[in-house]
Amino acid sequence: MAAAAASAALGDLLLLQGQAKRDPEGYREEFERQHRHYRALLSVFSLKPHAESKEFGDLVMFLAQLAPFYRAAMAGFPGEVMALLQSHVDVLHPMLRRQLAHALILLRNRQLLGPTDLIPHFFRLFRCPTRRCASWCSRTS
């Protein structure tokens, strides 16, 4: 039952993402609500960074996708994601670690991060305990 609810929530985020890309101003309020939800989940995450948090990872990816459309509201977002990855890289759930890294790549591809900002974080990921993470980083960088 929980998996079905998580799948529905992801579907809702993807639908909202598509709509907000087509009409950013029309969906600004919905975006801001999701941004506030991210802030709440971020505070919960900071208490238990080792726990699996699919909802948090999906929300980070959602915000990374929409960051170019809401630059003013998302000005500090790339730094927050880099700080999360830097400070908790060794204890993060492998899937969340991958989602955070993917979000950083997405932000870099959209010129919201410079290459010199991103490279040191990926060198740190090469040393992470999960082999799959290190091999994924070597394929995507």
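Going by the alpha-carbon gyration tensor, a ≥ b ≥ c the square roots of its eigenvalues, is the range 18-112 rounded (a/c under 1.5) or, if a/c is not under 1.5, prolate (a/b greater than b/c) versus oblate? Prolate shape, in that a/c is at least 1.5 and a/b is the bigger ratio.
Could you please state how large a percent of the accessible area of the range 24-75 is carbon and sulfur, counting protein chains only and using a 1.4 Å probe?
Details: 1540 of 2850 Å².
In the range 24-75, the share of accessible area belonging to carbon and sulfur is 54 percent.
The values are calculated or read from the model by the stated rules, or taken from the named source; none is laboratory data. Keep in mind that this is a model prediction, so the values were computed, not measured. Just the protein is used for accessible areas: all its heavy atoms, side chains included, with ligands, DNA and RNA removed. Shrake-Rupley method; radii C 1.70, N 1.55, O 1.52, S 1.80 Å.
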